[in-house]
Amino acid sequence: MDSSHPLPVSLPPVFREWFAARGWAIRRHQQELLDLAESGRSALLVAPTGAGKTLAGFLPPLIELYHELQGPPAQRRRGLHTLYISPLKALAVDIARNLEAPSKEMRLGVRIETRTGDTPIEKRARQRHDPPDILLTTPEQLALLLSHKDAGDLFGGLRTIVLDELHAIENTKRGDLLALGLGRLASIAPQARRVGLSATVADPDRLRRYLVPQFVGHERMADLVVADPGAAPEVAILRTRERIPWAGHRGAYAMPDIMAAIKAVRSALLFVNTRSQAEASFQALWQLNDENLPIALHHGSLSVEQRRKVEQAMTLGKLRAVVCTSTLELGVDWGAIDLVIQLGAPKGSSRMMQRIGRSNHRLDESSQALFVPTNRFEVLECVAAKQAIEEGIQDGDLPRPGGLDVLAQHVVGRGCAEPFDMDTLYEEITAAAPYAHLDRQTVERVVDFAATGGYALRRYEQYHKLERLADGRYTIASRKAAQQYRLNVGTIVEAPMIKLRSIRRGGKARGTGAAPQVTHVAGKPVGRAGFHIGEVEEWFIEQLRPGDTFLFAGQVWRFEGMAENEAYASKTEEKEPMVPSYMGGKFPLSTFLASRVRALLADPEQWRFLPGQVSWWLDLQRAKSSIPKAEQMLVETFPRGSRHYLACYPFEGRLAHQTLGMLLTQRLEKMRMRPMGFMANDYALTVWALGDMSRLDMHLLFSDEGVGDGLDAWMADSNLLKRTFRTCATIAGLIDRRHPGHEKTGRQMMVNSDLIYEVLGRHEPDHILLQATREDVSAGLLDLARMRQLLERIRPAGRILHRTLAQISPLAVPLMMEIGRESIGGEANEDLLAEVADEFMEILNG
Amino acid sequence: MAEAAAAGELATALVNGAGLVFDRSGAAWWPEERLLVVADLHFEKGSSFAARRGVLLPPYDTRETLARLEAACAVYRPKTVIALGDSFHDLGAAGRLGIDELASIRALTGGRDWYWIEGNHDPKPPENLGGWCVAMLACGPLTFRHLPQQGDQPGEVAGHLHPAARVTVRGRGLRRRCFVTDGSRLILPSFGAYTGGLDVRDPAFAGLLAPRFHAWMIGQDRVYPVASGKLS
């Protein structure tokens, strides 16, 4: 192998014939990628769906391999030629299948294999010493491959690295993991070119930097190839005679219209924003499905087998519609989808364009989309999003620095592969764009953490995971530590899940064979164990009491109880579940869309674009309360039930409102208002308290002074920080991942991460993992910058429009109907406890 | 008793006739005997994860637990302290204690009568740290042991189960460590910094308490009595 003389890669006759036989011409961007490959350059290809992205990426390596395999066997390179990384293993498998076709038809003799978590162990072992020419895999598998001693042999001759759907992974923790793997590959295989494939993004330069190795103080970028845009999508907003609800996310009013839209096309995808929304709309559609159209359900909590079945049926064209969440946002090309329906707010123009791109994968025809708002606020957002998409404007996300927890994981993997010294490690790490600016001292602290926990109290030298050799290099300390690393690799930390199993209530076991075990819950048999329905978030199960009914997998279930790590439920005939699932949006409203929504609201001239019932609602708001001017923020205070409410409408997006909610509750606590909780959505924030807030000085409450102090205090005790810590600690390897179904030790054997967080915070507040947690919180979950901008905007006199109302306002109605999940600690909690205790006292005294 | 608790000062209850104060730390105080009792300290639980499983948890749990214990002793100035077993997380725990922690423990056991009750984690508590190791201890109307015994056991004060309770008030669930007593028997919450809780509704508690009992839930500044019927 000689990297200075790239193989000639003009289109050989066999390829030309193959193109011609299909009546295909080579596209401009495909040719440009070929030219860049010839000169050995890395490139980012930005192209719409249906533009032949995959072929563009693989054509150069296929041609190289063709030449290579034509040549004398003695000169052949050993090891991998091309590495393809996809965020989805299903996509990797599908692309492999698509590559097999040209390879077979042209008799190239190229070996193409996939490697995912599903690949049999023997095959995985074989792939390491006898690799294929092209390997298609995932970021996690790359990390695992790099953690073996033979990684140098495997990747040494690598010529091309293809990163698919790069836009979907680049700015995430998985992207950090992949970037660190690429940094390592840069030193094992410096000759390998990188090719990134991406949908249209707001900031392609960030992806261009991500693709190529960075050098300290010298920014580098891959070349950019932009394919011709496809036909613009056609977006419609549902026109309906029905009443659009004021609140909620069910969209029940629109189901007949949605059913009609599904009937009118060959196949449709119905996207929703949350699992529970998927459940609810699936059930609602089936109640209307007189013709028994094949309509399926797909979301992340369903068992893998169920999801695969749906995907297969879709591939075979057997389904008329799938109700799905972001699980089907990326993935294999199904070609024949005629219509994408978005139920609920689009949240961002880029995400929405990705979803719309799932329909009609032909470049010259428009994708068809139908937006269905589920409530009146969402109508505003749908109108804003439709305008943005028609203008083709992407909304960018804020770049986040590389996660220190991911780095800690990588460092252990690095030690598993071979001993490393600090200089080399630092060079490799800073070659990865997300870590390009990391200082050396932080890297050393992360290594110290990976080795011995990094505690000021040096207690664990004897239990180290990385051992320091005499020459100063680090290596993995034991097989056990390596094993632990391999079991825990990856950055996706699921919320703790509980296995949900169906049982027949007190019934007898049906069927033949071994009788299923009688299930005992709290010592009492409650029925017979049945099949595994799926996984449910632990917090959701914990709020249920036996007898409560809830929706799951398209069916209403009666909760029967819990035993060890499983929850049990029986089917019921009831149509309406008693316990509503959490309906809050999973994705925050993008800054870009939020500002468009704000402008739309403030300008009554534009209300003519809105359905009559929505403009009527806004007119009513103008009559009963006020409509704020563009530069103003409306604050309303009113009593309701035994509580006092404060509602404000910054229209700054959920993240900023959540941050503001934390700040306000903390300040209200100080003002002795005894806040009970707050609820933030994309449009507004509501705080409720036991005290009356109508006479407060709003400019004081919303002051932009001392914002940092207030938040620090709040954050120190917040659930948000604890949840983030749990994720960081898991990724960094401080606590073991829970592998559902493989838990040897009971839950009581684990140390609760909240307790670890509290103890560490008290005894070593500057620990690297707490630093990682704080960085994550401020970069991701808390949109501090956006909230500060808001507070500055409303600082001048007259910018806060405060209305004291005797009752709830039209705009506030939707807010009252959404239930807050973010609870706050502090005084109000104590009041609640006292309340129960007081009742007890009365009984005692009475 | 009612007035005191309502005033937010002391949480007091009668257990088999003995008047006990439930402290926020998780310790129970018997003023009449100047006796402080704590359960399930689990010293060096953190380092046991490092030693056995290579999981390097913050090695500060013992000093955190000791700091809470020192604070309780400073407030109540007990003549006698009883640690109700599982004081040491495993048989090697004492060997892993740091110099500072060893000094703290010796200072605590030195100034008063100190009893280490045997637990299932520490059937043989270390003997070089001061205090006496006993299987159980009877004192007036109360009997102190680690594992609660089945059947009617008036006056039993035990640990082992790490009780915690949940109440739902106005749609919000609160879960807290708690003391549980039916007036006859008392089970203490776990005191150790890395110890979790087990819901009092768990089958493990079955048969130990009368149908009506109280969970004394540990709040931010107070301990709140909640009747068993109000737990969720």
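The values are calculated or read from the model by the stated rules, or taken from the named source; none is laboratory data. Please read these numbers as outputs of a predicted model, since none were measured by experiment. Cβ atoms come from the backbone with ideal geometry, glycine included; neighbour counts cover every protein chain shown. For accessibility, only protein heavy atoms count, side chains too; no ligands or nucleic acids. Shrake-Rupley method; radii C 1.70, N 1.55, O 1.52, S 1.80 Å.
Numbers below:
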read-out	value
Those residues of the range B:192-232 which are open to solvent by less than 10 Å² (accessible area, probe 1.4 Å), facing chain A (nearest Cβ under 9 Å) and either of a type outside the set (Ser, Thr, Tyr) or more than 19 Å from B:Phe22 (Cα to Cα) (or both), in sequence order	B:Ala193, B:Tyr194, B:Met217, B:Gly219, B:Pro225, B:Val226
Number of positions in the range A:468-498 that are away from chain B (no Cβ under 14 Å), at pLDDT 90 or above and either exposed (fewer than 15 other Cβ atoms within 10 Å of the Cβ) or closer than 26 Å to A:Leu302 by Cα (or both)	6
Search result, residues across the range A:645-689 that are in contact with a Ser or Thr (Cβ under 7 Å, 6 or more places away or on another chain) and over 26 Å from A:Ala594 (Cα atoms)	A:Pro675
Selection count where residues are touching a strand residue (DSSP E or B) at 6+ places or on another chain (Cβ under 9 Å) and either open to solvent by 20 Å² or more (accessible area, probe 1.4 Å) or hydroxyl-bearing (Ser, Thr, Tyr) (or both), scope the range A:148-170	5
Residue in the range B:121-143 that is open to solvent by 10 Å² or more (accessible area, probe 1.4 Å), touching a residue at least 60 places away in the same chain (Cβ under 8 Å) and polar (S, T, N, Q) present	no
Positions within the range A:187-198 being in contact with a helix residue (DSSP H, G or I) (Cβ under 6 Å, 6 or more places away or on another chain), crowded, with 20+ Cβ neighbours inside 10 Å and not β-branched (Val, Ile, Thr), in sequence order	A:Ala189, A:Arg194, A:Gly196, A:Leu197, A:Ser198
Those residues of the range A:624-653 which are of a type in the set (A, V, I, L, M, F, W, C) and over 33 Å from the mean Cα position of the chain (by Cα), in sequence order	A:Ile627, A:Phe638
Cβ-Cβ under 7 Å pairs, at least 6 apart or on other chains, the range A:667-694 side away from chain B (no Cβ under 14 Å), far side among the β-branched types (Val, Ile, Thr) and not in a loop (DSSP other than H, G, I, E, B)	A:Leu668/A:Val687; A:Val687/A:Thr665; A:Met693/A:Thr637; A:Ser694/A:Thr637; A:Ser694/A:Thr804
Residues of the range A:396-418 satisfying the condition of being hydrophobic (A, V, I, L, M, F, W, C) and in a helix (DSSP H, G or I)	A:Leu404, A:Val406, A:Leu407, A:Ala408, A:Val411, A:Val412, A:Cys416, A:Ala417
Single match in B:Ala107, B:Ala164, B:Ala193 (criterion: modelled with pLDDT under 95 and either more than 28 Å from A:Glu538 (Cβ to Cβ) or under 20 Å from the mean Cα position of the chain (by Cα) (or both))	B:Ala164
In the range A:748-782, residue modelled with the highest pLDDT [restricted to those that are more than 12 Å from chain B (Cβ to nearest Cβ) and touching a Gly at 6+ places or on another chain (Cβ under 7 Å)]	A:Ala772
Selection count, the range A:116-157, where residues are in a helix (DSSP H, G or I) and among the charged types (D, E, K, R)	7
Given (1) away from every other protein chain (no Cβ under 14 Å); (2) more than 23 Å from B:Leu20 (Cβ to Cβ); (3) open to solvent by less than 40 Å² (accessible area, probe 1.4 Å), index of the condition B:Arg106 fails	(3)
Subset of the range A:440-462 [in contact (Cβ under 8 Å) with a residue 60 or more places away in the chain, surrounded by 21 or more Cβ atoms within 10 Å (Cβ to Cβ) and touching a helix residue (DSSP H, G or I) at 6+ places or on another chain (Cβ under 6 Å)]	A:Val446, A:Phe449, A:Ala450, A:Gly454
Lone qualifier among A:Arg307, A:Arg266, A:Arg243 - being open to solvent by 40 Å² or more (accessible area, probe 1.4 Å), touching a residue at least 60 places away in the same chain (Cβ under 8 Å) and farther than 30 Å from A:Phe609 by Cβ	A:Arg266
Scan of the range A:799-826 for residues that are modelled with pLDDT of 90 or more, in a loop (DSSP other than H, G, I, E, B) and open to solvent by less than 50 Å² (accessible area, probe 1.4 Å), ordered by number	A:Leu805
Residues of the range A:435-467 that turn out to be more than 9 Å from every other protein chain (Cβ to nearest Cβ) and touching an Asp or Glu at 6+ places or on another chain (Cβ under 7 Å), as a count	1
Qualifying residue in the range A:98-108 (condition: in contact with a Leu (Cβ under 8 Å, 6 or more places away or on another chain) and either buried (at least 23 other Cβ atoms within 10 Å of the Cβ) or closer than 28 Å to A:Gln409 by Cβ (or both))	no
The range B:36-72 - residue that is acidic (Asp, Glu) and more than 9 Å from every other protein chain (Cβ to nearest Cβ) and, of those, surrounded by the most Cβ atoms within 10 Å (Cβ to Cβ)	B:Glu44
Tally, over the range A:219-233, of residues that are surrounded by fewer than 16 Cβ atoms within 10 Å (Cβ to Cβ), touching a helix residue (DSSP H, G or I) at 6+ places or on another chain (Cβ under 9 Å) and not hydrophobic (A, V, I, L, M, F, W, C)	3
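Residues are listed down the side, and each one gets a yes or a no for (1) modelled with pLDDT of 95 or more; (2) over 18 Å from B:Ser190 (Cβ atoms):
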{"position": "B:Glu3", "(1), (2)": "no, yes"}
{"position": "B:Asn16", "(1), (2)": "yes, yes"}
{"position": "B:Phe22", "(1), (2)": "yes, no"}
{"position": "B:Ala27", "(1), (2)": "yes, no"}
{"position": "B:Val38", "(1), (2)": "yes, no"}
{"position": "B:Glu44", "(1), (2)": "yes, no"}
{"position": "B:Arg53", "(1), (2)": "no, yes"}
{"position": "B:Asp61", "(1), (2)": "yes, no"}
{"position": "B:Leu66", "(1), (2)": "yes, no"}
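Each row is one residue, and each column tells you yes or no for (1) open to solvent by 20 Å² or more (accessible area, probe 1.4 Å); (2) of a type outside the set (Asp, Glu); (3) closer than 30 Å to A:Glu444 by Cα.
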{"site": "A:Ile356", "(1), (2), (3)": "no, yes, no"}
{"site": "A:Ser359", "(1), (2), (3)": "no, yes, no"}
{"site": "A:Ser366", "(1), (2), (3)": "yes, yes, no"}
{"site": "A:Ala369", "(1), (2), (3)": "no, yes, no"}
{"site": "A:Asn375", "(1), (2), (3)": "no, yes, no"}
{"site": "A:Ala388", "(1), (2), (3)": "no, yes, no"}
{"site": "A:His410", "(1), (2), (3)": "yes, yes, yes"}
{"site": "A:Gly413", "(1), (2), (3)": "no, yes, yes"}
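Yes/no per residue for (1) modelled with pLDDT of 95 or more; (2) buried (at least 19 other Cβ atoms within 10 Å of the Cβ); (3) aromatic (Phe, Trp, Tyr):
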{"site": "A:Ala431", "(1), (2), (3)": "yes, yes, no"}
{"site": "A:His464", "(1), (2), (3)": "no, yes, no"}
{"site": "A:Ile503", "(1), (2), (3)": "no, yes, no"}
{"site": "A:Lys508", "(1), (2), (3)": "no, no, no"}
{"site": "A:Thr512", "(1), (2), (3)": "no, no, no"}
{"site": "A:Gly523", "(1), (2), (3)": "no, no, no"}
{"site": "A:Glu537", "(1), (2), (3)": "no, no, no"}
